[in-house]
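Enquirer: Let me begin by handing over the structure; questions about it come next.
What follows is calculated from the coordinates using simple rules that are stated; it is not laboratory data. No experiment lies behind these values; they were computed from the predicted model shown. Note that we place each Cβ from the backbone using ideal geometry, even for glycine, and neighbour counts take in every protein chain shown.
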Amino acid sequence: MEETTDRRSGASPDPADGVRVLVVDDEPLVRSGLTAILSSAPDLHVVAAVEGGGALDALRRFRVDVLLLDIRMPDVDGLTILAGLGQLPRRPAVAMLTTFHADEKVAAALSAGADGYLLKDTDPDQLVQHVRALARGAAVLSAGVTATVVEGFLRSRGSASARQALHRLTPREHEVLVLLTEGAQNAEIAERLFVSLPTVKEHVGAVLTKLGVSNRVQAAVLAVRAGLVDGA
């Protein structure tokens, strides 16, 4: 396990200092590269960078806010790790990492509850912003992953029924869905729509229920593919 420490004191970073990130990838160069990029941001701390086999142990050992998880690994597959997150007392936000622009496993990961997906060659500044967004509870959809991946997710949900579900949303729920797709948090949605935070929570719950999805990233995928909003 490649554990990181605070460069000033040599101690493990305090959770209060910012977003704690766990990087899981089978390639040492990828782990070190992602660690270097994320560590350059003062509010992000990579608590560990491990291969697949050490992922769940690291998640039990450290408090993790965001998990960057390689989707294809020879020792323990990323989908297996994703399924094991239900055993943890606190589930982090999860973005799947992929090298391929058309990786069919991304669709399975989205269906299993992943909060986003990122290409490993994502621009460093964008990567930092994506991790911050994940920590806030926003959906993260890499612009480089092709529409065929999203279509695979739609097929797994039943694309026709998923698109029809959009028509069951009220006008206000449509507005909320558009803002969710933009990565807005509940507080921001409340401010932009001039409604209370409890009202936003009710609308978000209704949107997820009517679309038959379990999280914001799945709702965002459906919205993009149904043409409700433009894809990134």
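Enquirer: Could you derive backbone 3J(HN,Hα) for region 133-140 from the dihedral phi with the Karplus parameters 6.51, -1.76 and 1.60 (θ = phi - 60°), listing whole Hz in sequence and x where the residue is Gly or Pro?
Expert: 5, 4, 5, 7, x, 8, 7, 10
Enquirer: Once you have the Cα-Cα distance between GLU175 and SER111, take 0.36 nm times their residue separation minus that, and quote the gain in nm to one decimal.
Expert: Stretched out fully, the GLU175 to SER111 stretch lengthens by 20.7 nm.
Enquirer: Would you kindly derive the ³J(HN,Hα) couplings of region 74-91 from the backbone phi angles with the Karplus curve 6.51 cos²θ - 1.76 cosθ + 1.60 (θ = phi - 60°), listing them in order in whole Hz, with x for Gly and Pro?
Expert: Once θ is set to phi - 60°, the couplings for region 74-91 become x, 7, 10, 5, x, 5, 5, 5, 4, 5, x, 5, x, 7, 8, x, 9, 8 Hz.
Enquirer: Compute the length gained on full extension between THR209 and LEU29: take 0.36 nm times their separation in residues and subtract their Cα-Cα distance, giving the result in nm to one decimal.
Expert: Difference between extended and current length: 60.7 nm.
Enquirer: Between region 57-92 and region 206-225, what's the alpha-carbon centroid distance in Å?
Expert: 23 Å
Enquirer: Once the piece of chain linking GLU202 and ARG136 is laid out straight, how much longer is it, given 0.36 nm per residue of separation minus the C-alpha distance between them?
Expert: Full extension from GLU202 to ARG136 adds 21.9 nm.
Enquirer: Just order 72-80, 188-196 by mean Cβ neighbour count inside 10 Å, highest at the front, would you?
Expert: 72-80, 188-196
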